[in-house]
Amino acid sequence: MSCVDKAKSYGRVTVAYLTITCLVLIFVVKTSYSSSTRFQFPVLRGFSSSSSAITNVDVVEDELESALRRASMGKKKKRVIIAFANKAYAEEDGMLDIFVESFREGVDTEWLLPHLLLVAVDQTAFDRCNHHLLRGRIHCFKLVTEGVDFSGEQLFMSDAFIRMMWRRTLFLGDVLRRGYSFIFTDTDVMWLRNPFTQLGEEGDLQISCDRFNGRAWNTTNPINTGFYFARSSNKTITLFDMWYSERNNSVGMKEQDVLENMISSGILEELGVKVRNISFVYSSITFTRLHSISG
């Protein structure tokens, strides 16, 4: 074989090798990109449902982002209402049913239902949420926490109760990180009037308190994390990150007590977070806890 023939043969082998290599690289990159865009937040896997039709968007959304977008009060005013439920609250004619019905019966509250995102921590609660979805425009999201069963009744201050409260804090911090402000409400709260009329434009965090000393901006009011409004910003995102990071240093403490300790230690001043306490005078008119049911 001549030198020319050898060069041509070597060239064909080189081209074939490079072609195969490029195809392999394209496949690997494409597979890696598809996987990373679909599962941006693997610890917050879930499934969502809504009575609204899912529209095509240009970017790939995960289930939570899709649920938040559908429940949002608008593209510019990205606000949602968030509540959590498990099997113990999801029985027929139980706490969850009464909670949802209060939106329909309250004063100027029914229009808020399409902006309620109910986070179900087990399949029973998710199924019950979908029952309400068929009756109205409520939005449902099933939060998957691998290796943990939150379906049973979580006794106050039990290990399972504390774990669920911290899981909730992690989830809400992720909502803020996605640019959504929210009202969080326990499901044993009955909404009697629209609370947004009592929320001012000032304040990064507006939170209910067990006792009100008459000074809305005073940090000595004992907070209650069963109802609050959080505005998405770098400051609140950092606060929630630091709050959640304290869980391992606060064994046996619920998340509300940990946040109260952080406030007492000056974290709000350090981060520049403004907290407004919601007077119980307004909160008792706007919403009330169902003590006869929840104890």
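Name the one entry in I183, I138, I162 that is modelled with pLDDT under 90 and either under 24 Å from M242 (Cα atoms) or acidic (D, E) (or both).
After applying the criteria, what remains is I162.
Whether any residue in the range 143-152 is at pLDDT 80 or above, touching a helix residue (DSSP H, G or I) at 6+ places or on another chain (Cβ under 9 Å) and not polar (S, T, N, Q) is what I want to check.
Yes, the conditions are met somewhere in the range 143-152.
Report, ordered by the first and then the second residue, all pairs with beta carbons closer than 8 Å, sequence separation of six or more or different chains, a first member in the range 106-122 that is in contact (Cβ under 8 Å) with a residue 24 or more places away in the chain and buried (at least 24 other Cβ atoms within 10 Å of the Cβ), and a second member that is assigned to a loop (DSSP other than H, G, I, E, B) and of a type in the set (A, V, I, L, M).
That search, which allows pairs on different chains as well, returns L116/I138; L118/I138; A120/A90.
Just checking, how many residues over the range 134-146 are crowded, with 17+ Cβ neighbours inside 10 Å and closer than 23 Å to F196 by Cβ?
The number of residues fulfilling the criteria is 4.
Might you check whether a residue that is farther than 30 Å from D93 by Cα, buried (at least 18 other Cβ atoms within 10 Å of the Cβ) and among the hydroxyl-bearing types (S, T, Y) occurs anywhere in the range 203-210?
No, the conditions are met nowhere in the range 203-210.
Does any residue of the range 45-68 turn out to be outside any helix (DSSP H, G or I), acidic (D, E) and at pLDDT 85 or above?
Yes, there is a match, as at least one residue in the range 45-68 is outside any helix (DSSP H, G or I), acidic (D, E) and at pLDDT 85 or above.
Can you tell me which residues in the range 162-188 are charged (D, E, K, R), in a helix (DSSP H, G or I) and in contact (Cβ under 8 Å) with a residue 60 or more places away in the chain?
R168, D174, R177
The values are calculated or read from the model by the stated rules, or taken from the named source; none is laboratory data. The model shown is predicted, which means the values in this text are computed figures rather than measured ones. As a convention, Cβ positions derive from the backbone with ideal geometry for all residues, glycine included, and neighbour counts pool all protein chains shown.
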